[in-house]
Amino acid sequence: PIDANGDVEPVRWLPTSHGAWGIFLERKADELFVTIEHSNRVSVYRRTAEATEDAVRFIQGPRTQMADPHGVYVKAGRNEVYVANHGHWHYVESGETFLQEGSVPPELKGIRKSYFDLVRPLAPSTGKFLPPSITVYARTANGDVAPLRVIQGPRTGLNLPMGVFYDTLSNQIVVANGGDDRLLFFNVDA
């Protein structure tokens with residue numbers, strides 16, 4: 001509950017793929033956007049989704065250019081999703097999700113077979129390091145889609161971008177840069 005205090009149980013919970021990091025509630029469409037760093041994915045759920053529900057759509061796959069996504073922000077007025085990427089990339093199939101071994105609650109075993117059958121240990125990966133980036137997608141993007149725009153490169157100053165925000169007054173994307181303790185401001189059309 002909103003007024004909860006102390007050691008209280010949640011009203012509801014929603015299991016996500018291993019490595020959930022960023023979260024954003026987009027009120028206009030009543031959707032919850034969650035970045036999944038280990039599977040280079042943004043999962044989109046109904047705001048009121050519960051434990052047995054799957055994502056209504058996702059952004060994931062080689063064409064997305066996502067690499068260890070962290071922060072996420074959705075600007076409904078522009079119909080855009082902004083994702084902050086650290087740059088640690090490994091190949092995942094579009095639609096691939098998994099839970100870390102041992103993370104399936106006993107009360108859900110057998111309920112969501114299609115999802116929980118994918119429980120596996122996080123295996124060693126071959127991949128590559130990409131420059132950190134901000135990738136921009138259409139708000140309703142689904143699957144292995146290319147970004148509308150990418151902010152990336154040595155002149156950007158991006159260094160472990162964590163949070164991302166849209167400032168409506170300045171029309172800028174604001175990035176919390178964890179690697180050097182700075183805030184970076186980019187024109188929304190950069």
Taking Cα Rg over 2.2 N^0.38 Å straight from the coordinates, which label in (1) 0.99; (2) 1.05; (3) 0.94 is the correct one? (2)
Of the accessible area of the chain, computed with a 1.4 Å probe and all protein chains kept, carbon and sulfur make up a percent value of 52
Rounded to 0.05, the calculated FRET efficiency for the beta carbons of Glu96 and Val145 at R₀ = 22 Å is 0.90
In sequence order, calculated HN-Hα J values of segment 84-93 (Karplus, 6.51, -1.76, 1.60; Hz; x Gly/Pro): 8, 10, 6, x, 8, 10, 9, 6, 9, 6
In deg cm²/dmol, rounded to 500, what helix-only [θ] at 222 nm does the chain give when every DSSP H run of at least 4 residues adds -39500 (n - 2.57) and the total is split over its residues? -500 deg cm²/dmol
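The values are calculated or read from the model by the stated rules, or taken from the named source; none is laboratory data. Only a predicted model underlies this, so the values are computations on that prediction, with no experimental measurement involved. For neighbour counting, all protein chains shown are included, and Cβ atoms are generated from backbone atoms with ideal geometry for every residue, glycine included. Protein only, heavy atoms only, side chains kept; ligands, DNA and RNA dropped before computing areas. Shrake-Rupley method; radii C 1.70, N 1.55, O 1.52, S 1.80 Å.
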